[in-house]
1. Filter region 79-110 down to the residues that are surrounded by fewer than 15 Cβ atoms within 10 Å (Cβ to Cβ) and touching a Lys or Arg at 6+ places or on another chain (Cβ under 8 Å), then identify the one that is modelled with the lowest pLDDT.
2. Please verify whether region 17-36 includes one or more residues that are acidic (Asp, Glu), open to solvent by 50 Å² or more (accessible area, probe 1.4 Å), over 20 Å from residue 130 (Cα atoms) and in contact (Cβ under 8 Å) with a residue 24 or more places away in the chain.
3. Kindly check whether there is at least one residue in region 120-137 that is among the hydrophobic types (A, V, I, L, M, F, W, C) and either at positive phi or free of Cβ contacts under 8 Å to residues at least 12 places away in the same chain (or both).
Amino acid sequence: MKLRINSGLGSLSALVIEDNEHMRVLLRKLLKSFGVKDVEECVDGGEGLKMLAQRKPDLILVDYSMVPMDGIAFTRAVRAMPNEPDFMVPIIMVTGHTERKRVETARDAGVNEILVKPVTPAALFQRIEEIVLRPRPFVRTANYCGPCRRRHNNPDYTGPWRRVSDTDLGRETVALDNQDADPVQSAIKR
């Protein structure tokens, strides 16, 4: 991937929430090298929530492990906000923890992208591109708030269909064939 410096991201604003000063500086400098002019910094999730009350960034970079409020608690708090523009802000989780359980926890909290440490300019730029150029639809239900967890549409998928948006003739036929399935339990499993 060819890194594009000053790539037209200057109109974006970013909030970096990271307890390690060196990582904050690195992320800020990388964002600035991409052309992002407005970068705010906080040292933990609680401070980040206070900043969100004052400013509305276009994207947030948040560390997974911080004290007293970590990135997961921060993300859940943002996704629980009542106002639509606030809870939909894209969040990139920055972490050195790549265990499947932690990645799934971040995904289920409502994170848009995960950026693994050590951070590279290309990896950060790729995550920002995903958010800006290929944003996923946003989902808000009783049990989840965040970007749609379906990354790809598989044309060969034959069901079960669990979403209101999954309604074309072929899908309705499959749904009729599976009438004995409990739709509530199917939705919870998805």
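The values are calculated or read from the model by the stated rules, or taken from the named source; none is laboratory data. A quick note: this is a predicted structure, and the numbers were derived from the prediction, not measured. Here Cβ is always computed from backbone atoms with ideal geometry, including for glycine, and neighbour counts include all displayed protein chains. With ligands, DNA and RNA removed, areas are computed over all heavy atoms of the protein, side chains included. Shrake-Rupley method; radii C 1.70, N 1.55, O 1.52, S 1.80 Å.
1. Here is the first cut: in region 79-110, the ones surrounded by fewer than 15 Cβ atoms within 10 Å (Cβ to Cβ) are 80, 82-86, 96, 98-101, 104.
Then keep just the ones that are touching a Lys or Arg at 6+ places or on another chain (Cβ under 8 Å); that gives 85-86, 96.
On the way: 85: 83, 86: 86, 96: 94.
Among them, the one singled out is 85.
2. Restricting attention to region 17-36, the residues satisfying the condition of being acidic (Asp, Glu) are 18-19, 21.
This time we only want the ones that are open to solvent by 50 Å² or more (accessible area, probe 1.4 Å), so: 19, 21.
Right, trim to over 20 Å from residue 130 (Cα atoms) and you get 19, 21.
Filter once more, so that each one left must be in contact (Cβ under 8 Å) with a residue 24 or more places away in the chain: 19.
Checked region 17-36: at least one residue is acidic (Asp, Glu), open to solvent by 50 Å² or more (accessible area, probe 1.4 Å), over 20 Å from residue 130 (Cα atoms) and in contact (Cβ under 8 Å) with a residue 24 or more places away in the chain.
3. Yes, there is a match, as at least one residue in region 120-137 is among the hydrophobic types (A, V, I, L, M, F, W, C) and either at positive phi or free of Cβ contacts under 8 Å to residues at least 12 places away in the same chain (or both).
The rows are residues; the columns are (1) within 18 Å of the chain's Cα centre (by Cα); (2) modelled with pLDDT under 95; (3) closer than 24 Å to residue 122 by Cβ.
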site: 6; (1), (2), (3): no, yes, yes
site: 14; (1), (2), (3): yes, no, yes
site: 19; (1), (2), (3): no, no, no
site: 24; (1), (2), (3): no, no, yes
site: 48; (1), (2), (3): yes, no, no
site: 60; (1), (2), (3): yes, no, yes
